[in-house]
1. Taking a 21 Å limit on the Cα-Cα distance, which of the listed pairs Lys216/Lys261; Lys164/Lys187; Lys225/Lys266 fall beyond it?
2. With the crude spin-label approximation of a point 7 Å out along Cα→Cβ, what separation in nm comes out for Ala197 versus Ser68?
3. Go ahead and set up a Gaussian network model of the chain, Cα springs under 10 Å, then flag whichever of Asp44, Asp82, Asp133 fluctuates most.
4. Quick one: what Rg and Dmax do you get for segment 79-200 from the alpha carbons, in Å?
5. Give the share of C-alpha pairs in each 5 angstrom bin for the chain, from 0 to the last occupied bin, in whole percents, shortest bins first.
6. With 10 angstrom as the radius, rank Thr57, Thr153 by how many other C-beta atoms surround their C-beta, starting from the fewest.
7. Let's see if you can work this out: charge +1 on each Lys and Arg Cβ, -1 on each Asp and Glu Cβ, no other charges. What is the dipole magnitude of the chain about its Cα centre, in debye to the nearest 20?
8. Springs between alpha-carbon pairs under 10 angstrom, Gaussian network model over the chain: which of Gly223, Gly124, Gly15 fluctuates most?
Amino acid sequence: MNYECFEVSVQDRVGHIVLSRPEKRNSMIPAFWDELPTIVEGLDAGGDVRVIVISSTGPHFSAGLDVSAFAGGADEDPETVDRRRLQQGARFYDNVTKMQQTFSCLENCRVPVLVAIQGGAIGGGVDLTTACDMRYATEDAFFTIFEINIGLTADVGTFPRIVKLIPEGVARELAYTGRRLAAAEAKSLGFVNAVYADQGAMLEAVLKIAAEIASKAPLAVYGCKRMINYSRDHSTADALDYIAIWNASMLKQEEVVEAMKASAEKRPGDFVELPPLRQRGSSIEVV
């Protein structure tokens with residue numbers, strides 16, 4: 001299947017999603033918001049992909065939302081324009097919630113999502129990266145909550161997530177000023193896991209990390225992601241109880257024994273895959 005905004009491949013149980021509009025700085029046009037959840041949910045639903053890596057092309061990771069692509073037609077008749085004006089609030093709410101769901105699919109899928117950022121992650125690019133499990137960057141990478149510079153309040157996912165990833169005071173400064181958060185500072189804050197000299201070195205390292213994750217028991221990795229997300233959003237007492245209930249129902253002794261044997265014998269583990277998700281059984285063609 002051909003996508004307007006992405007290229008998709010799967011190798012050695014790692015799904016690789018690449019933003020593929022470098023000539024437009026990978027700006028987020030309407031097709032972007034439909035294609036990303038279709039791809040992510042399709043990779044997750046199959047059960048054979050254990051990790052997803054998102055990377056990009058060109059000098060910048062993403063210039064964010066392409067506002068011009070969402071503008072109404074200039075040749076609309078006055079009656080249509082008036083009707084759309086009256087519907088503006090409801091239309092805006094519907095559009096924003098759809099965009100929010102697009103990035104929430106990264107957080108909600110069962111497998112870890114690693115993102116490799118070069119150049120600018122601007123506006124919606126920050127929204128996307130905050131929804132991923134881990135972030136890696138090149139030395140020239142930077143993050144900008146750009147919306148304030150054009151009189152907007154970021155609304156697609158940055159604020160609920162970034163305040164849990166960096167100190168609140170820094171998040172407020174970035175939001176109020178729109179200044180660039182450089183890769184080195186982002187690493188010092190723990191926002192990115194590592195910084196690399198260039199994109200080639202970054203992709204090599206990130207794919208190696210993805211391969212390491214893919215070698216672990218998928219059910220255990222799935223449990224880790226669920227527990228970390230749940231613990232982030234709930235009290236310690238609630239999280240402890242949920243972890244106990246999760247392992248009581250999901251922990252399989254056979255997988256533990258296999259992991260221990262594989263480690264002792266210095267061989268890859270033979271683990272069961274995640275079961276297919278029939279309720280989200282989106283089909284996806286990969287190369």
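1. Details: Lys216/Lys261 13 Å; Lys164/Lys187 15 Å; Lys225/Lys266 26 Å.
In this structure, Lys225/Lys266 exceed 21 Å between Cα atoms.
2. With each label point 7 Å from Cα toward Cβ, the separation is 3.8 nm.
3. Among Asp44, Asp82, Asp133, the largest GNM mean-square fluctuation belongs to Asp82.
4. Values for segment 79-200 (Cα only, Rg and Dmax): 16.1, 56 Å.
5. P(r) over the chain, rounded to whole percents: 1, 5, 11, 15, 17, 16, 13, 10, 6, 3, 2, 1, 0, 0, 0.
6. By the 10 Å Cβ count, ascending: Thr153, Thr57.
7. Details: 29 positive and 39 negative charges, 128 e Å.
Here the size comes out at about 620 debye.
8. Gly223
No value in this document is a laboratory result; all are computed from the given coordinates. All values reported here derive from a predicted model rather than from experimental measurement. Virtual Cβ from ideal backbone geometry, glycine too; neighbours counted across all protein chains shown.
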